[in-house]
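Here's the structure, in C-alpha cells; my notes come after.
The values are calculated or read from the model by the stated rules, or taken from the named source; none is laboratory data. The structure displayed is predicted, hence computed values, not measured ones. Quick reminder, even Gly has a Cβ in these numbers, built from the backbone with ideal geometry, and neighbours come from all protein chains shown. All accessible areas refer to the heavy atoms of the entire protein, side chains included, with ligands and DNA or RNA removed. Shrake-Rupley method; radii C 1.70, N 1.55, O 1.52, S 1.80 Å.
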Amino acid sequence: PAVRTSYKMLRTRLLQRMTANNWRHLAVTSATQGDGKTVTAINLALSLAGDVNHEICLVDLDLRRSSIADYLGLKIENGVSDILARGVRLADAILKTPYERLTVLPNLPPEAHSSELLSSPEMRILTEKLAVGGHRIIIYDMPPILAADDMLAFESFVDSTLFVAAEGKTSRTEVVKACELLEGANLIGTVLNRTDEKTASYY
C-alpha cells in the first residue's frame, strides 16, 4: 500500500540522519490540532519497529489530549503523568504491544500543568531511563506547538524534531510561526499529510 511505502521511505531517511548524528530521541509535533501528528507518530513507530536493528518506544506526551493507547487498543493502568507526579515506576507504566520491538508509554488523565511536568527533573530522569539499550529509539508524540508551550518546555530533552503539516489545512502562516518557535530544535524534517491520497511525504 502507498501509506506503508511512504512510511518506509520516511523511516529510511530518519534512520540515516539519526544514526549519522547518534540521535535517539525524536519529538513529533505540528502547528495545530488535527494535522495528523499522532497518527504519523504511531505509523512511524510501527515502521521503525519493523527494522530488526532497533527497539522502539512510543511515548504519549500530549498530556492534555492523550490518545495513543486508544488508537492501539491498549489497556492502561498507569501513564507518564503517574511517573512524573506520583512516583510510579517506569516498569509499571510501560506497555508491550502486539508488535515486536515496539513498546508504548501511554498517558491517562489530562494534566493541567503539563509544561511544568515536561520540563521537570523527573522528566529528564525518565528520558534517560528510556534510552537504556544501545538500539532503542524513543518517539515522543507532543502537543501542537501553537496550542501550548509543552514542546518548548521539552525540546532540550530531545535530539531531533519532526514537524507534521496537513495539506489543505495547515496554513502557511501557521507553518512559519511554528518553525520560528522550533528554531532552537534540531528540525530533522517535515511530513506533509496528503489528505487526498492518504499518504505522507517527507521533506
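Take every pair of alpha-carbon atoms less than 8 Å apart whose residues are at least six positions apart; their mean separation over the length of region 93-192 yields a relative contact order of 22 percent. Out of all DSSP beta bridges with both ends in the chain, state the antiparallel percent to the nearest 5. Around 20 percent of the beta bridges assigned by DSSP in the chain are antiparallel ones. Taking every Cα-Cα distance in the chain and sorting them into 5 Å bins from zero, the calculated P(r) comes out as 1, 8, 17, 22, 22, 17, 10, 3, 0 percent.
Only protein heavy atoms count here; under a 1.4 Å probe, Lys129 has an accessible surface of about 110 Å². Over region 62-151, Cα pairs under 8 Å with separation of 6+ residues give a relative contact order of 30 percent.
Remark: relative contact order (the chain) = 31 percent; criterion is Cα-Cα distance under 8 angstrom and separation of 6 or more residues. Would you please classify the overall shape of region 1-62 from the alpha carbon gyration tensor, given that a ≥ b ≥ c denote the square roots of the eigenvalues, rounded means a/c under 1.5, and beyond that prolate means a/b larger than b/c while oblate covers the rest? Judged from the Cα gyration tensor, region 1-62 comes out oblate (a/c at least 1.5, b/c at or above a/b).
Scattering from region 50-93 was approximated by placing one identical point on each alpha carbon and applying the Debye formula without solvent; log10 I(q)/I(0) at 0.18 1/Å stands at -0.63. Summing Cβ point charges (Lys, Arg +1; Asp, Glu -1) relative to the Cα centre of the chain gives a dipole of roughly 600 debye. Taking the Cα centre of region 1-148 as the origin and placing charges on Cβ (Lys, Arg +1; Asp, Glu -1), which of Ile76, Thr38, Tyr99 is farthest toward the positive end of the dipole? The Cα lying farthest towards the positive end belongs to Tyr99. Of the solvent-accessible surface of region 67-137, computed with a 1.4 Å probe and all protein chains present, 53% belongs to carbon and sulfur. Exceedance of the 31 Å cut-off in Cα-Cα distance is limited, within the set Lys8/Lys129; Lys96/Lys169; Lys37/Lys96; Lys8/Lys96; Lys129/Lys177, to Lys96/Lys169; Lys129/Lys177. Taking each DSSP H run with n ≥ 4 as -39500 (n - 2.57) and averaging over every residue of the chain yields -10500 deg cm²/dmol at 222 nm.
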